[in-house]
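Asker: I am attaching a structure below and will ask some questions about it afterwards.
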Amino acid sequence: MTVPLSLDTLEPRLPSPVVAVVDERLARCGVELLLKRDDLIHPRITGNKWRKLRLNVQAAVDGGHGVLLTFGGAYSNHLRATAAAGRLLGLRTIGVVRGAELAGRPLNPSLARAVEDGMRLHFVDRATYRRKTEPEVIAELEHRFGPFYLVPEGGSNAAAATGCADLGRELRGVADVVTVACGTGGTLAGLAAGLDPGTQRAIGFPVLKGGGFLDGEIQRLQQAAFGARRGDWRLDTRFHFGGYARITPELREFASEFTERHGLAPDLTYVAKMLYGTYALAAEGVFAPGTRVAAVITG
Ligand SMILES: *Cc1c(COP(=O)(O)O)cnc(C)c1O
C-alpha cells in the first residue's frame, strides 16, 4: 500500500485549539476574547501556512509534479513552510527570493532553515520579482529549473483560500467576530467564506502600509475559489505601524505586556499588529457588549 503524499499524513493538530483569554481591558468593554491557535497546527509548517499549502500540495501531486516553486522575501514564513513541507513529503522545492544582492551572502536564519530543508534558492532583482506573475518570467524559470507546480507569493491562490475556509468552519458557533492579520489576504478570503454569513463576521488587519488594495485582491481570490464574494468581512488598514516588518516601541510594549499577561509571545510582523487592532476596536466600542471575538494566531 502506498501512503498518499498529503499534508494530512503529518499529524496536524486540527481543529486547532481555541483558548479563552482573561483581560480586564477587554472585560471592561464587554468583549470576550478567544485565541484560535493555528500556530499549534504543526511544529514546522506553521500556522496558516499549513492550511494554505494543503490543497496546493494535493494539486501538485495530482498533477504529477514532484517540484514546488514559490516566491518570497528574505524573511518569508511561507518559503520556510514550503521547504519544510517539501522535506517531510519528499517533494523538491525551489524558492525565488526577492533581492539579487542577497546572492552569495551569508543566509539569514530563515533562509538557512529553508536550505537545510532542501530548498533551492534563486535570488532575483526587485524589478524581476515584481513581474513574477508574468508569463515571460515564469517561462524563464521553467527554462532554468524544468517543470514545476507554481505556488504564488505567500501561498495565496484559490486552493489556499479553499483550504482556509476550514478555519472559518472550525469557528462556527464559537465566535461572533473573527480578527486576522493580512499579508496577501488569502487567509481572510478563505476564513470569511467558511464562517456562518448570517451570524459571524471577519475583520482583517493588513500589516502593510496602504493595505486597502487588499480589498480587491481578497475579492479576486474569493471569486476564483468560490465563484463570488463570500461572507461578511472588511479590512481595517490603520494598524500597520509604518509598514511590513516595521515595529514601533508602542507595538513592542503592547506585545511584551500581552506576553506577560497571557504567556503567548505574539509574532511582531503579523499577530501583534492584529491583536493591537483588536484591542483598539474594543476600546472604540465597535463590539457590542457580550461579543465573542476570536483572534487568529496565524503563526
Ligand atoms: C503569512 C502570514 C500571515 C499572512 O497571511 P495571508 O494569507 O498572506 O494574509 C499572517 N500571519 C502570519 C504569522 C503569517 O506567517
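The values are calculated or read from the model by the stated rules, or taken from the named source; none is laboratory data. None of the values given here were measured: they were computed from a predicted structure. With ideal geometry, Cβ positions are generated from the backbone for all residues, glycine too; neighbour counts draw on all protein chains shown. When the accessible area is computed, the model is the full protein with side chains, heavy atoms only, and any ligands, DNA or RNA have been set aside. Shrake-Rupley method; radii C 1.70, N 1.55, O 1.52, S 1.80 Å.
Asker: Output the residues belonging to the range 241-280 that are farther than 17 Å from LYS36 by Cβ and either away from the ligand (no atom under 16 Å from the Cβ) or touching a Gly at 6+ places or on another chain (Cβ under 7 Å) (or both).
Answerer: Once the filter is applied, which keeps residues that are farther than 17 Å from LYS36 by Cβ and either away from the ligand (no atom under 16 Å from the Cβ) or touching a Gly at 6+ places or on another chain (Cβ under 7 Å) (or both), the range 241-280 yields GLY242, THR248, PRO249, GLU250, ARG252, GLU253, PHE254, SER256, GLU257, GLU260, ARG261, ALA280.
Asker: If the Cβ limit is 6 Å and pairs must be 6+ apart or interchain, which residue in the range 182-210 that is within 16 Å of ARG220 (Cα to Cα) and in contact (Cβ under 8 Å) with a residue 60 or more places away in the chain pairs with which residue that is near the ligand (Cβ under 8 Å from one of its atoms) and in a loop (DSSP other than H, G, I, E, B)?
Answerer: Hits for this filter: GLY186/SER156.
Asker: What number goes with the only condition from (1) touching a Lys or Arg at 6+ places or on another chain (Cβ under 8 Å); (2) within 16 Å of the ligand (Cβ to nearest atom); (3) aliphatic (A, V, I, L, M) that VAL97 does not pass?
Answerer: Failing condition for VAL97: (1).
Asker: Going through ARG261, ARG238 one at a time, which residue ends up being touching a residue at least 24 places away in the same chain (Cβ under 8 Å), over 20 Å from ASN48 (Cα atoms) and part of a helix (DSSP H, G or I)?
Answerer: Going through ARG261, ARG238 in turn, the sole match is ARG261.
Asker: So, in the range 94-113, exactly how many residues are open to solvent by 20 Å² or more (accessible area, probe 1.4 Å) and over 21 Å from the mean Cα position of the chain (by Cα)?
Answerer: Residues in the range 94-113 being open to solvent by 20 Å² or more (accessible area, probe 1.4 Å) and over 21 Å from the mean Cα position of the chain (by Cα): 8 in total.
Asker: Here is a further query. What helices (runs of 4 or more DSSP H), lying completely within the range 1-93, carry at least 1 residues that are surrounded by 17 or more Cβ atoms within 10 Å (Cβ to Cβ) and free of Cβ contacts under 8 Å to residues at least 40 places away in the same chain?
Answerer: It comes to 77-89.
Asker: Tell me, which strands (runs of 3 or more DSSP E) wholly within the range 122-213 include 1 or more residues that are surrounded by fewer than 19 Cβ atoms within 10 Å (Cβ to Cβ) and not small (Gly, Ala, Ser)?
Answerer: Fully inside the range 122-213 and qualifying: 201-206.
Asker: Please specify each residue of the range 233-250 satisfying the condition of being more than 21 Å from the chain's Cα centre (by Cα) and polar (S, T, N, Q).
Answerer: Of everything in the range 233-250, just one residue is more than 21 Å from the chain's Cα centre (by Cα) and polar (S, T, N, Q), namely THR248.
Asker: Which condition number in (1) of a type in the set (Lys, Arg); (2) within 16 Å of the ligand (Cβ to nearest atom); (3) within 21 Å of ARG13 (Cα to Cα) is the one that ARG113 fails?
Answerer: Condition not satisfied by ARG113: (3).
Asker: Quick check: is even one residue across the range 251-267 open to solvent by less than 70 Å² (accessible area, probe 1.4 Å) and within 17 Å of the chain's Cα centre (by Cα)?
Answerer: Yes.
Asker: Any chance you could count how many residues in the range 209-231 are more than 12 Å from the ligand (Cβ to nearest atom) and either over 21 Å from ARG246 (Cβ atoms) or among the hydrophobic types (A, V, I, L, M, F, W, C) (or both)?
Answerer: Number of matching residues: 15.
Asker: Of everything in the range 218-229, what is touching a residue at least 40 places away in the same chain (Cβ under 8 Å) and open to solvent by 50 Å² or more (accessible area, probe 1.4 Å)? Give them in sequence order.
Answerer: ALA224
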